[in-house]
Every structure is written in C-alpha cells, then in structure tokens.
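Take a look at the structure below.
Coordinate-derived values only; no laboratory data. Everything quoted here is computed from the prediction, not taken from an experiment. FYI the Cβ positions are ideal-geometry reconstructions off the backbone, even for glycines, and counts take in every protein chain you see.
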Amino acid sequence: MNQYFVMFKENAKSLKDVRVLVGVSLFCALNVILNMFSIQLTPMLKISFGSIAVAASCYFYGPYPNMIAAFVLDTINYMLRPVGPYQPWFMISAVVIAVLYSLFFYKQEKIGIIRCALARLSVILIVNLVLNSLWLSMMYGNAFWVLVSERILKNVLMFPIEAFVLYLTMKLCLRIKDQVKM
C-alpha cells in the first residue's frame, strides 16, 4: 500500500511536464468524442465508452493529471451534450474514476483480463451504482434504492463488454508503451 502513496507523490511532479499535459489533453479529446456517441436510455441511464479513454490516459500518465482532467472533462462533456440539469457532484464521480483506473493501471508492466475486470467492477460498484445513484437521487428526488435497482441491470449487462473492451485497450496501451519507450 505504501508503494501507491510513493507513486502518487512522484506523479504529482509530472504536472510540470508539457508532454504529460499534451498527452492527457489528447485523451481528453478522445473522451469527448467517445461521449458524443453515447446512448441515452433514460434521463438517468446512458451507455458510453468514454471511460476507456480515461483508463488509457491513467495507464500512461497516472492519477494527478487525470484527476484534474476528469474534473474539467465533466463540465466540457455536459456543455457539449447536456442531459437534464447540471449537477457539479458528477465531477467527484469523474475524479474517482480517474483515481481507480490509476490505481489499477498506472506503472503496471502486465495487465490481464482479471485486472481489467476488477478495475471495471470497482468503477461500477463505487461510481455507477453508489455515487451516480446518489447524485441522481439528489437531483431528481427519486429514492436511492429505486435508482440502484434500475442501474444494476444495465451494469450487469454491460460489464462483460466493458471489461473486454478495457482489456483490449490496455493491451494496445502496453504495445504502444513498448514501442514508444515512454
């Protein structure tokens, strides 16, 4: 556990590196593009693969640059494709996703399907089911458990697809990192 704190401390220094800022910005642009093709099922339920770009960025650049980017990205994505009233609490969800993906992928030499599945499962449990349901409950006044039950089905159905796409993305990131020597 101590290694994660050391890693986070070292990663804070990368905020001064222009290459890191440009790389994170490119992944932010990819996130915005992927979110433009999301499918809004209901005002409280959508299918999107935007977090794949966040996961790839977290693999390459770590927690701090991606936490800041996630904070800004939430507002940008809302401005480009607004659904319902703006709720700044969703920024916390975006930052938590960046932290979780950084914990699972940053500075990892090998990434298997189990690591990807656990990363996706942690995002589903912590962010999709708990935090986002809480924010939606506060926003629309619906009962928390009603929202959770509605969201469980979507997340159970999407979990294998999202975990597999995440695994393919991480394999691609590993190959790119080996070729570029980042």
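Points worth noting:
- Estimated at 0.36 nm per residue, the fully extended path between W89 and Y140 surpasses their Cα-Cα distance by 17.0 nm.
- Amide hydrogen neighbours beyond the local backbone of G62, cut-off 5 Å, H modeled: none
- Scaled to the globular estimate 2.2 N^0.38 Å, the Cα spread of the chain, given as radius of gyration, is 1.01.
- The charge dipole of segment 2-180, taken about its Cα centre with unit charges on the Cβ atoms of Lys, Arg (+1), Asp and Glu (-1) only, comes to about 300 debye.
- Pairs of Lys in the chain closer than 13 Å at Cα, counting only those 8 or more apart or on different chains: 5
- Exposed-site-free run, longest, the chain (rule: trypsin sites (Lys or Arg not before Pro); DSSP loop; at most 15 other C-beta within 10 Å): 1-106
- Distance in nm between pseudo-label sites at K13 and L121 (7 Å out along the Cβ direction from Cα): 3.6
- Which of V18, V148, L73, positive extreme of dipole for the chain (C-beta unit charges): V18
- Maximal additional length on extending the S149-S25 stretch stands at 41.1 nm, based on 0.36 nm per residue less the C-alpha distance.
- Centroid-to-centroid separation of segment 116-180 and segment 60-111 [C-alpha atoms, Å]: 12
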